[in-house]
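J.: Below is the structure I would like to discuss, written out as structure tokens.
The values are calculated or read from the model by the stated rules, or taken from the named source; none is laboratory data. Quick caveat, the model's predicted, so the values are computed rather than measured. Because the Cβ atoms are built from the backbone with ideal geometry, glycine has one as well, and the counts that use them run over all protein chains shown. Calculation scope for accessible area: heavy atoms of the full protein, side chains included, ligands and nucleic acids excluded. Shrake-Rupley method; radii C 1.70, N 1.55, O 1.52, S 1.80 Å.
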Amino acid sequence: MDWENLLAARSKRMNASEIRELLKLLDQPDIISFAGGIPDPALFPAEAFQTAFTNILSGKRQEQALQYSISEGHVPLRQWIVEHMAGFGIPCSIDNILITSGSQQALDYLGKLFLSPNDTALVTWPTYLGALGAFNAYEPAYDRLLSASNRLPADYRDTAYAKGGAVKFAYCSVDFANPTGETLDQSARQDILRLAEDLDIAVIEDAAYQSLRYDGEALAPILALEIEQRGTIEDCRTVYCGSFSKTLAPGLRVGWVCAAKPIISKLVLIKQSSDLHTPTLNQMAIADVATACFDAQVDKVKAVYVARRDCMLQALERLMPEGVTWTRPEGGMFIWLTLPRHLDSTQLLAKAIETQKLAFVPGKAFFADGSGTNTLRLNFTRTDETIINEGIKRLGLVLEATV
């Protein structure tokens, strides 16, 4: 069979995730990996989940847990999320909430909902690799989203028109972004909102890391800023995507979308034709655990992760050669390195694995145009301080041998 002749044109834009491939290295005990954006499994609230699953499956709720359910999601979980969102200054109802199989599914659904072939998605440079993967299937063009720019909205429109479509949304992660770890200040958030209003497009706010703030002042999400201006979520263009993967457990694949009811209604239709609903048992367990110990769990992981972030920053200060710079995130899971311009981090990765048994993510994959060859991403949440120090030492040795 010549399968290529049968596949849709969009399949040519589906590429293997460099991060997914690098995760395979975690199974090799001699590799130090700063690659995946992975929580430390030692910190998972395993006992709380064991209690939740036992209670659900040993009582009257077991029939509900093992049965088909509504596409919108488990009502008690959606109600918990409503209360959680209120804490961020986002008043809403359960009708504004859709449960998804991780926030990654939300991005796929939003790409399907908004993008026709050749439409333009505005994304940061760099941006989350998983977002590019989700959107690519719908054959968009990309343009650079800048929070502070003299570029006029008409230029975005004209550029999109020249590519054969229209600007449909601006995608951004405003708190501790993957991959850079950077946070947008309130002025930058307002700039993105104003641009979206001028272009009359949606804003997709990816808030996967919002709860993982270690220092600095918490800032209102873009959706909260827009509600403050407009008075109600029903008049807002911002679509907020949340996740339990970074706080409770990624393996259960539970995330959510919070948006105006017309958007939620459309996403529910996509959900119904996709996987019907996120696994009910997983939703019920997340609801039980979130109710029992969400704040305590977040505090526990933050105490560990901030120490690891500080350890990595200190090791970088000691061990990086001249010409290497890096971000200093106030939260999240990542530090972003910029190398001298002549270096290619993909080639550097091959050397690092071969000579030092060290893995990281080359930065090129996070750029819609394939630029950023002299950048790389480091994850600090998966490994303890001893391994972080050894890994950064090995990175320094590879760089010194290359520079």
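J.: Taking the simple approach of a point 7 Å from Cα along Cα-to-Cβ for both ASN5 and ASP198, what is their distance in nm?
T.: Each label point is offset 7 Å from its Cα along the Cβ direction, giving 5.0 nm.
J.: Moving on. Carbon and sulfur together cover what percent of the accessible area of the chain at a 1.4 Å probe radius?
T.: Within the chain, the accessible surface is 51 percent carbon and sulfur.
J.: With every protein chain present, what is the per residue accessible area of the stretch 328-403 (1.4 Å probe, Å²)?
T.: Result: 40 Å² per residue.
J.: Residues of the stretch 259-286 with amide nitrogen under 20 Å from the 7 Å Cα-to-Cβ point of ASP95?
T.: Zone members listed by number: 259-272.
J.: Additional query: Using 1/(1 + (r/R0)^6) with R0 = 35 angstrom and r between the beta carbons of GLU228 and ARG151, what's the FRET efficiency to the nearest 0.05?
T.: So, using R0 = 35 Å, E works out to roughly 0.85.
J.: Quick one: which of 307-317, 360-370 comes out on top by average Cβ neighbours within 10 Å, and what's the full order, highest first?
T.: Packing proxy ranking, top to bottom: 360-370, 307-317.
J.: For the chain, what is the largest minus smallest coordinate of the Cα atoms on each principal axis, given in angstrom and ordered from greatest to least?
T.: Dimensions of the chain along the principal axes of its Cα atoms: 59, 57, 56 Å.
J.: Listed highest first by mean packing, meaning other Cβ atoms within 10 Å per residue, what order do 235-242, 107-114 come in?
T.: Highest mean packing first, the order is 235-242, 107-114.
J.: Still on this structure, please answer the following. In whole angstrom, note down how far apart the Cα centers of the stretch 276-298 and the stretch 343-367 are.
T.: 36
J.: Kindly report the accessible area of the stretch 96-140 per residue (heavy atoms of protein chains, probe 1.4 Å, no ligands, DNA or RNA), in Å².
T.: Value for the stretch 96-140: 23 Å² per residue.
J.: Right, another one. Give me the aspartates and glutamates in straight-line cross-link reach of LYS351: C-alpha distance below 13 Å, same-chain residues under 8 apart excluded.
T.: Those aspartates and glutamates meeting the cut-off are GLU400.
J.: How big is the charge dipole of the chain about its Cα centre, in debye rounded to the nearest 20, if each Lys and Arg gets +1 on its Cβ and each Asp and Glu gets -1 on its Cβ?
T.: 520
J.: Rounded to the nearest 0.05, what FRET efficiency do LYS393 and LYS300 have when you use their Cβ-Cβ distance and R0 = 35 Å?
T.: Once rounded, the FRET efficiency stands at 0.80.
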